[in-house]
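What follows is a single structure, written as structure tokens, with notes after it.
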Amino acid sequence: MLDLDAPVTAHETPYTWAQADGLLPQTLLERLRGTLPPTEVFDRKERARGGDKAYAMHVLPLVQDGGDCEVLDRLDPVWRDLADALRAPAYLQWVERAVKVPVSARHAEIGLFVFGPGDYVSRHTDKAGKLASHVLYLNEDWGADDGGAFEVYGDDDAPYAALSPQAPRSVVFARSESSWHAVEPVRADATRLRCTIQVELWA
């Protein structure tokens, strides 16, 4: 299901992260986009202040604490197949090679994250206990002017790198005290949703 031989560009600066292109083959991407559930079944998540970050987005959990969520029974079977593939040993080994950290699916979290106009995630490092995160993009024709870039930060206020969230791209990174990252606000007048699959691997 996953093309684990897809090209990976690894980075050690400003922390350990990698860009992969083609992990989700085109036929799979088309099926996922065609069976994406409506935002009405997602939970709206917003926080303007407090905690480790501010954010605005829609979230639909598929896997929590390593186990399937009930919603998978109501989605196209491709989503359960994908959830299984993203917990399989071959995928976990791929993550380990990409970001050089041992991971396990024991406490995996997998979800759909949808960003509408103005939605964003502020600069943060993720909570201690997370080993790695992997964000897979579903939008086929998302441009830089649409906003919503994944931003990698070092010590400067400006991003070290900004990646447009366009399929078949994905970004994986190891969590550390220096793994600062953010999601740039989606353009306020955007007419499309920024759609992603997020894998979080916890200790």
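What to note about this one:
- Subset of the stretch 164-203 [surrounded by fewer than 20 Cβ atoms within 10 Å (Cβ to Cβ) and in contact with a Pro (Cβ under 7 Å, 6 or more places away or on another chain)]: S178, R187, A188, D189, A190
- For L60, the stated conditions do not hold, so it cannot be described as of a type in the set (A, V, I, L, M), surrounded by 15 or more Cβ atoms within 10 Å (Cβ to Cβ), part of a helix (DSSP H, G or I) and at pLDDT 95 or above.
- When residues of the stretch 85-107 are limited to those that are of a type in the set (D, E, K, R) and exposed (fewer than 15 other Cβ atoms within 10 Å of the Cβ), the one nearest to S179 (Cα to Cα): K100
- Any hit, the stretch 143-163, residues being in contact with a helix residue (DSSP H, G or I) (Cβ under 6 Å, 6 or more places away or on another chain) and either surrounded by fewer than 22 Cβ atoms within 10 Å (Cβ to Cβ) or assigned to a helix (DSSP H, G or I) (or both): no
- D68 vs. criteria farther than 16 Å from R169 by Cβ and exposed (fewer than 15 other Cβ atoms within 10 Å of the Cβ): no
- E109 being touching an Asp or Glu at 6+ places or on another chain (Cβ under 8 Å) and either β-branched (V, I, T) or touching a residue at least 40 places away in the same chain (Cβ under 8 Å) (or both): yes
The values are calculated or read from the model by the stated rules, or taken from the named source; none is laboratory data. For clarity, every value in this text was computed on a predicted model and none was experimentally measured. Cβ sites come from the backbone with ideal geometry, for glycine too, and all protein chains shown count toward neighbours.
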